[in-house]
1. What whole-number value in Å² describes the accessible area per residue of the chain for a 1.4 Å probe?
2. Test of understanding: what is the full-extension gain from residue 321 to residue 25, defined as 0.36 nm times their sequence separation minus their Cα-Cα distance?
3. On the protein heavy atoms, probe 1.4 angstrom, tell me the percent of accessible surface of segment 259-409 carried by carbon and sulfur.
4. With a Förster radius of 51 Å, plug the Cβ-Cβ distance of residue 277 and residue 347 into 1/(1 + (r/R0)^6) and report the FRET value to the nearest 0.05.
5. Straight-line reach only, C-alpha to C-alpha below 19 angstrom: list the aspartates and glutamates that residue 129 could link to, leaving out same-chain residues fewer than 8 apart.
6. Which lysines does residue 375 reach when only Cα atoms under 22 Å apart count, and residues fewer than 8 places away in its own chain are ignored?
7. Suppose R0 equals 25 Å. What FRET efficiency, 1/(1 + (r/R0)^6) with r the Cβ-Cβ distance, do residue 199 and residue 398 give to the nearest 0.05?
8. Calculate how steeply helix 120-134 sits against the longest principal axis of the alpha-carbon atoms of the chain, using the helix alpha-carbon long axis, and give the answer as 0 to 90 degrees to the nearest 10.
Amino acid sequence: MKTPKTNKLKILNDPIYGFISIPNSLIYDIIEHPYFQRLRRVSQMGLSNLVYPGANHTRFHHALGCLHLMQKAVQVLRTKNVDISEEEANALYIAILLHDIGHGAFSHALEYSIVNGIVHEEISLRFMKALNEDFDGKLSLAIQVFEGKYHRKFLYQLISSQLDIDRLDYLKRDSFYTGVTEGNISSDRLIKMMNVVDDELVIEEKGIYSVEKFIIARRLMYWQVYLHKTGLVAENLLVNVLKRAKELAMNGVDLRATTSFKYFLYNEVTDRNFTDETLEKFSKLDDFDVLASIKEWTNHDDKILSSLSNMIINRKLLRIELQNEPITDSYIKKLHKKLKEKFQLNKEELEYFMFQGSVKNQAYNPELPVKILTKKGKLKDIAKASDQLNLQALTKPVIKYYVCYPKSL
């Protein structure tokens, strides 16, 4: 009896774009690989659902959305006589599909607590190289493009730039799932206006207002969503939970956790000892492991770990003060004194429940300009081509400062 052939040219139904097609069997097989399937269990926005209850979409959603938009971009550029071979197009599809594959559980939290000195972009590259071995070298060109080592610059710009496919999807997707309509950009319009001049990705002058909206939408989404003050508290609390768990584990304290998570708690993992075996273990670690473990820790004997875990599980978060000016030392000392007296904590323990920091948002970076192609064939930076005076203002980084401490203080 013959084994029935699998239809690998499937279509998927996406709430943002409708039907998404898988362009070829190689892409299908990559999507089916356990490394990629892990992204179903990694949230796109970390703990933002504690602020916006609908923000439960995953890196898997986002990667497929990027694949869809990249297919559109290739199609548009080809209609404008930009020569993109089938091999180059496929490399773009694979590179954008896998650009976030190295994200750990709850996105960035692991980078600051459990895995040291290695960022998700580097882990993504390691995953791509491992997949390249599995698929007999068919990802080699995609890796070149992803690293920016391929000779055609605009291909890399489609993957990573101020107006790349990644941003075109996540702004629109995150806007949809959070319900924050200010981020709802016209990704279709922006892609339709793309062109290539002197091997550089540009936007035709007709699309200038769409670019303006994109930059302003990005600014609003950062302050309203990605850097929302409650989200900042939750993210920092998660980092502190993981740091405390790591500290206890390194001191030999028994912690109930999933097998995948235990490996990273009880072993010091850095960029120097991040081997193929480590990558395999990392590929089995996701949000489910971390959340299940934190639920267990709500009843742990260590009061710091159990208190922090309960704050996250039951959404009993710290108070946060966010302001435009740096927090004064005298105010920090005053809060420290109150906290120490009320909760009888030593200096080391205090740092888990009271901490400060800053966040920066630069909506537009003039050092990596979005070029506008004028009707006369000249290239202009969007900040100079636009008649919106506030676009120039958006080139300046805005820094805000915060301090977090218990609400009962």
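The values are calculated or read from the model by the stated rules, or taken from the named source; none is laboratory data. Just so it is clear, the model here is predicted, and its values are computed rather than measured. Ideal geometry is used to build each Cβ from the backbone, glycine not excepted, and the neighbour counts take in all protein chains shown. The protein model used for the area step is the full one, side chains on, heavy atoms only, and it has no ligands, DNA or RNA in it. Shrake-Rupley method; radii C 1.70, N 1.55, O 1.52, S 1.80 Å.
1. 48
2. Length difference between fully extended and current span is 101.4 nm.
3. 48
4. It comes to 0.85.
5. 29, 32, 87, 88, 100, 121, 147, 271, 276, 277, 280
6. 80, 192, 206, 213, 384
7. 0.15
8. Helix 120-134 sits roughly 60 degrees off the main axis of the chain.
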